[in-house]
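K.L.:
For reference, the structure I am asking about is given below.
The values are calculated or read from the model by the stated rules, or taken from the named source; none is laboratory data. Model, not experiment: these values are computed from the prediction. Here the Cβ positions follow ideal geometry from the backbone for every residue, glycine too, while neighbour counts run over all protein chains shown. The area values use the complete protein model at the heavy-atom level, side chains included, leaving out ligands, DNA and RNA. Shrake-Rupley method; radii C 1.70, N 1.55, O 1.52, S 1.80 Å.
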Amino acid sequence: MLSVKLHSIFADRSIEEALMKQGFKKRGGNYIYKNSKIQVEAEADFIDRTVEISFSPQLNLEEYKTVHRLLVELIKELEAQCDDSGSLLGYLSEGTGAYILTNWDQWVSFLQEAKFRTLEGKKVRVLDEAGKELAAGMFVNYSADVSSNILECTVITLFGERTYKGENLKVEATNEW
C-alpha cells in the first residue's frame with residue numbers, strides 16, 4: 001500500500017468532520033473512502049493530530065487523480081502539513097521521484113506526453129467531459145493546461161482535419177486501423 005501522512009493539524013480542525021466531508025465513512029476505528037474503482041483508507045490519531053491515508057499501488061492514472069484531489073482537499077480542510085514519501089508513483093525523465101503530491105503535475109504531464117507520442121498517427125476517439133464521442137480519426141496533436149487537462153485535440157476524420165475544444169477532453173485509442 002502507498003501512504004501519505006497528514007500532521008500538525010490544528011486542534012480547532014475536526015479530523016473526523018473533514019474526512020466525512022470528503023466522503024469517508026467510519027468503519028471500526030478507521031475511515032474508508034470507496035467509489036466503484038478505488039478504496040482509500042484513513043487511520044486517524046486524535047491525540048497526535050495526524051491522519052495516515054493508504055491506497056493501492058495498482059491504480060490507473062484517473063484513479064490516482066481521484067486520490068490526489070482527495071488529498072489536496074483534506075490538506076486544505078485540515079490546514080495540515082504532509083509527508084508523501086510513502087507514495088512513490090514513478091520517476092520523471094531526469095530520474096526525480098514522483099509522488100501523489102510531490103512533483104505530481106510534472107509526473108502527470110510526463111505520462112500524458114508519452115501517451116500522446118505513442119498515439120500519433122493512430123486511430124482515436126475524442127470524448128467530451130460527459131463521455132460523449134465528438135469524433136473518431138487519426139490523432140494529430142493536442143494542447144493541455146498546466147494540470148494536463150486536454151483543452152484541444154486535432155484529428156483527421158473522414159471529412160478532413162478537425163480540431164475539437166473543450167474543458168477536459170478525453171482521447172482514447174480505438175485499437176483499430
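K.L.:
Every residue in segment 93-112 that is surrounded by 14 or more Cβ atoms within 10 Å (Cβ to Cβ) and of a type outside the set (V, I, T), please.
P.N.:
G97, A98, Y99, L101, N103, W104, Q106, W107, S109, F110, L111, Q112
K.L.:
For segment 128-159, enumerate the residues that are among the charged types (D, E, K, R) and closer than 16 Å to F116 by Cβ.
P.N.:
Residues satisfying the conditions are D145, E152.
K.L.:
Another question about this same structure. Return the only residue of L74, L70 being closer than 26 Å to N149 by Cβ, free of Cβ contacts under 8 Å to residues at least 60 places away in the same chain, surrounded by 11 or more Cβ atoms within 10 Å (Cβ to Cβ) and not polar (S, T, N, Q).
P.N.:
The conditions single out L70.
K.L.:
Then there is this: Which one is modelled with the highest pLDDT, of the residues in segment 9-44 that are under 16 Å from E73 (Cα atoms) and among the small types (G, A, S)?
P.N.:
A42
K.L.:
Scanning segment 10-47 for residues that are closer than 13 Å to A80 by Cβ and open to solvent by 100 Å² or more (accessible area, probe 1.4 Å), which turns out farthest from the chain's Cα centre (by Cα)?
P.N.:
Here the answer is D12.
K.L.:
Can you name the residue in segment 49-67 that is of a type in the set (D, E) and within 15 Å of the chain's Cα centre (by Cα) and is also surrounded by the fewest Cβ atoms within 10 Å (Cβ to Cβ) among such residues?
P.N.:
Result: E62.
K.L.:
Return the residue satisfying two criteria in turn: it lies in segment 131-177 and is surrounded by 15 or more Cβ atoms within 10 Å (Cβ to Cβ), among the small types (G, A, S) and touching a helix residue (DSSP H, G or I) at 6+ places or on another chain (Cβ under 8 Å), and of such residues it is modelled with the lowest pLDDT.
P.N.:
S148
K.L.:
Within segment 77-92, work out how many residues are exposed (fewer than 15 other Cβ atoms within 10 Å of the Cβ) and acidic (D, E).
P.N.:
1
K.L.:
Evaluate the following for L6: is it in contact with a helix residue (DSSP H, G or I) (Cβ under 7 Å, 6 or more places away or on another chain), closer than 14 Å to L101 by Cβ and surrounded by 14 or more Cβ atoms within 10 Å (Cβ to Cβ)?
P.N.:
yes
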